[in-house]
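Since the structure comes first, as structure tokens, the remarks are kept for the end.
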Number of protein chains: 6
Amino acid sequence: MSGGFFYFVFRYFVVRIIIHYSQFITRHMSLIQDFESYRTKMNDRIMETANTNIKRFFALDTTTYADGALDVKTKEMLGLVASMVLRCDDCIKYHLGKCHEAGVNHDEINEVFMIANLVGGSIVIPHYRRAVEYWDELNLAGSGQ
Amino acid sequence: MSGGFFYFVFRYFVVRIIIHYSQFITRHMSLIQDFESYRTKMNDRIMETANTNIKRFFALDTTTYADGALDVKTKEMLGLVASMVLRCDDCIKYHLGKCHEAGVNHDEINEVFMIANLVGGSIVIPHYRRAVEYWDELNLAGSGQ
Amino acid sequence: MSGGFFYFVFRYFVVRIIIHYSQFITRHMSLIQDFESYRTKMNDRIMETANTNIKRFFALDTTTYADGALDVKTKEMLGLVASMVLRCDDCIKYHLGKCHEAGVNHDEINEVFMIANLVGGSIVIPHYRRAVEYWDELNLAGSGQ
Amino acid sequence: MSGGFFYFVFRYFVVRIIIHYSQFITRHMSLIQDFESYRTKMNDRIMETANTNIKRFFALDTTTYADGALDVKTKEMLGLVASMVLRCDDCIKYHLGKCHEAGVNHDEINEVFMIANLVGGSIVIPHYRRAVEYWDELNLAGSGQ
Amino acid sequence: MSGGFFYFVFRYFVVRIIIHYSQFITRHMSLIQDFESYRTKMNDRIMETANTNIKRFFALDTTTYADGALDVKTKEMLGLVASMVLRCDDCIKYHLGKCHEAGVNHDEINEVFMIANLVGGSIVIPHYRRAVEYWDELNLAGSGQ
Amino acid sequence: MSGGFFYFVFRYFVVRIIIHYSQFITRHMSLIQDFESYRTKMNDRIMETANTNIKRFFALDTTTYADGALDVKTKEMLGLVASMVLRCDDCIKYHLGKCHEAGVNHDEINEVFMIANLVGGSIVIPHYRRAVEYWDELNLAGSGQ
């Protein structure tokens, strides 16, 4: 056996370190992808299994945020603050993505975060932490997002 | 005894009917006044009794809704939708008053109501009913509000 | 003036006592009427003022409890327990009325109450108290309810 | 008719003013009485109608706050803060009464209020207002409470 | 060194792919196992560490869902809808398992899901997605579940 | 190639088992570290990105739990029970850590757990399970914590 067991272990960790760093890079963008791929997969499954009322409810969920008397940007901020005070991480991610698309800027998102923290209290803070992490990733993912 | 007992009862009810209608008129504007007078009375009492941290929290509650990256109108709609999904009637009344002052119109407030109902679900409906009643009163109270 | 002031006061209180007892009888059935009349009044107002999405949401609220794979009785108990753990008094009253109509009996409603208390905790108790009062009134209102 | 209609109306309002002021005095102490009498009445009714599990749940609600590793005063403050962040007015009144009995002082209750406001957010404020009113009444009711 | 570093990496990934697919199969059934093994482990630990009141509370949690005026199937649907509107994923998994055991069918579970979505609002949707995934796994685990 | 493919697989699993057990030991203390390192990382990021109001809110979150009319131990138990009934796992972990530091003992923490379960209901149980696991780890981490 060339190298012996210890050499094997050494090689094993070399590979592991390479994988670790490649994962580090992949992971960097993975909050968005993880959220969106699971959401898409399960929404597809729901469309296969749900009854008519559930499908109507989902349709209503889409039309509610469409451009109207209030523009999409305002509505998405409303959706975001509601999701934050109700402490729903997936809802927060979804509306953060939509706010990002709608062009909500750094100062604006911080004022939404503040209203959420104030109204909902310090129990919102852990969700705010995760929201900041997700918002950072959205911004790193860039204008191509 | 002039008129007798039955005449007394008759007069009693005449007066009662007059009072009833005058109360009807008074009551018309009373949701706003009841809410605001109790709120003012107790906020005054809080300023007398509260500790420094509570006073700071109240100060923060004021500065958070001040004009900034987002204008007052948008912030008050954010405060309203957060209050509705958390089902806090007094908070709803407060932000409805501020939305009215900030010029939120009929179609806009309905879109805020819809987002609140959708995100918070049908348990928001009783609060939405009371919100519509209060909003109607705010509009009846007119531009002088 | 026959009787004078003190006689007047005496007559006043006689009338007051009569009114009080008639109110006692009226009040006996008034939780149901108060709830239902306000609900009807505001639902009518909502139908006048709401946008299309809100009307669709209300329509969905109706069709969801219609007879289907689960019968109306089961669905109303589901609506009741959900309303209790979310601590929405008006929703509780509504579903108690529907449960009563659907023939939920004394032992069954108590088991729904227990699940609500257990899952939602002791903060449900004040709502449970009011639910018991309303359920008693529904039963007093009789089979003609 | 002695006095005439206008005299009648005058006398009516004299009596009304007397009643109003006597009500003012009565009302002063009535938050405590209203809460406690309704609570007692409905708890009695619950003991008549509830099933065994509900009765066990109520028994557990009592034993949980008994003196143990933590004293009654600490436990009642825990019950109060939990009730405040969950925004249950009746629960708040109950635990305020118990905190008062257990000798929680002005500065201590304010620190409990602050934690509740901070953790639960500004939606707790309306409940905090009512808590301050109730606490004031408990203190006015004096050491005989 | 036989094969050299690149051959090592190749072998490494062959093994990794095998493991990945075996994990894929394992994972298929793992939501149920992960939930149940953690739940069992911690319930055992709780029985070792908890005080008498907590043990009584857990006992009450069991007896509440026993067959009574309402059958187990109805009670488990009540437990499920309450867990969904309160957005407790572990509680949802537990009651989904019990509903599956009690023979709740596809159309019935969808009607429970709809009531939960309607009453609790769109913030329930992420929990509904995870519920659908778990329900699918319960059905794949078959009648032997 | 020395050892061949099967020998490679054997070696692979030997290493895997070693790693697994070392992970087992590491993991043993990792709930605390995972929570604290993420919390620290994101709090740092928040201090970089947040606006003045958010920073004031965070400052208030710190001063609220400082020694005052109530000592730190009591305040941390208040923070814990509030976090449990609001079902915020990260908040629970934070206050469990602080309670541990403040010297809350086994019987005391169980009485806090009981109040949380009772007030918040059986939906608190999954959070209570995770709290027991975290508390065990805090105690294993020992006096050096």
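The values are calculated or read from the model by the stated rules, or taken from the named source; none is laboratory data. Keep in mind that what you see is a predicted model, and the values were worked out from it rather than measured. Heads up, the Cβs are rebuilt from the backbone with ideal geometry, glycines too, and the neighbour counts pull from every protein chain shown. Only protein heavy atoms, including side chains, enter the accessible area calculation; ligands, DNA and RNA are left aside. Shrake-Rupley method; radii C 1.70, N 1.55, O 1.52, S 1.80 Å.
Points worth noting:
- Zero-based 10 Å bins, Cα pair distances in the protein assembly as shown, whole percents: 2, 11, 20, 24, 20, 12, 6, 3, 1, 1, 0, 0, 0
- Inter-copy spacing of A:THR62 label points, which lie 7 Å from Cα along Cα→Cβ, given in nm from shortest upward: 2.5, 4.7, 4.8, 4.8, 5.7
- Selection among C:THR49, C:LEU140, C:ILE17 by position relative to the dipole of chain C gives C:ILE17 as farthest towards the positive end (Cβ unit charges, Cα centre).
- Net charge of neighbours whose Cβ lies under 11 Å from the Cβ of F:TYR134, counting Lys and Arg as +1 and Asp and Glu as -1: -3
- For a label point 7 Å along the Cα-to-beta-carbon line of E:ASP71, residues of segment E:79-103 with backbone N under 11 Å: E:102-103
- GNM result for chain C, Cα springs below 10 Å: residue of C:GLY121, C:GLY79, C:GLY97 fluctuating most strongly: C:GLY121
- Shape call, chain A: gyration tensor on alpha carbons, a/c limit 1.5: prolate
- Per the axis that maps chain B onto chain E, nearest residue of B (Cβ criterion) and its distance in Å: B:GLY121, 1
- Inter-copy separations for C:ARG11, label at 7 Å along Cα-Cβ, nm, ascending: 0.5, 0.6, 11.4, 11.4, 11.4
- Helix F:106-120 and the long axis of chain F differ in direction by around 80°, with both axes built from C-alpha atoms.
- Order by protection proxy (mean Cβ within 10 Å, highest first), peptides D:47-58, F:127-138, C:31-42: F:127-138, D:47-58, C:31-42
- Tilt relative to chain C, helix C:72-85 - C-alpha long axis, 0 to 90 degrees, to 10: 70
- Applying 1/(1 + (r/R0)^6) with r as the Cβ-Cβ distance of E:ASP89 and B:SER37 and R0 = 41 angstrom yields a FRET efficiency of 0.40.
- Only DSSP H runs of four or more residues enter the estimate; each adds -39500 (n - 2.57), and after division by the residues of the protein assembly as shown the mean residue ellipticity at 222 nm equals -26500 deg cm²/dmol.
- Taking every protein chain into account, the 1.4 Å probe leaves E:VAL85 with about 10 Å² of accessible area, to the nearest ten.
- Simple point charges give the picture: +1 on the Cβ of Lys and Arg, -1 on the Cβ of Asp and Glu, and for segment E:97-142 a dipole about the Cα centre of about 200 debye.
- Heavy-atom accessible area order for E:VAL15, C:VAL14, largest first, 1.4 Å probe: C:VAL14, E:VAL15
- Cut-off 14 Å between beta-carbons: net charge of the residues surrounding E:LYS98, Lys and Arg +1, Asp and Glu -1: -4
- Judged by the gyration tensor of its Cα atoms, with axes a ≥ b ≥ c, segment A:27-109 is oblate; a/c meets the 1.5 cut and b/c is at least as large as a/b.
- Net charge in the neighbourhood of E:THR49 (other residues with Cβ under 12 Å of its Cβ; Lys, Arg +1, Asp, Glu -1) is -2.
- Helix axis angle, D:125-140 relative to chain D longest principal axis, alpha carbon, degrees: 80
- Cβ-vector label at 7 Å, A:LYS41, separations to other copies in nm: 2.3, 2.3, 5.3, 5.7, 5.8
- Each residue of segment F:4-12 was assigned a 3J(HN,Hα) from its phi angle through the Karplus expression (A = 6.51, B = -1.76, C = 1.60, θ = phi - 60°), giving x, 4, 5, 5, 4, 4, 4, 4, 3 Hz with x at Gly and Pro.
- Residues within the reach of a label modelled at B:THR52 (point 7 angstrom out along Cα to beta-carbon, backbone nitrogen below 20 Å), restricted to segment F:69-88, are F:69-73, F:75-76.
- Largest-first ordering by accessible area, 1.4 Å probe, given options E:HIS95, F:HIS106, A:HIS100: F:HIS106, A:HIS100, E:HIS95
- Per chain F, cysteines lacking a partner by the 4.7 Å Cβ criterion: F:CYS99
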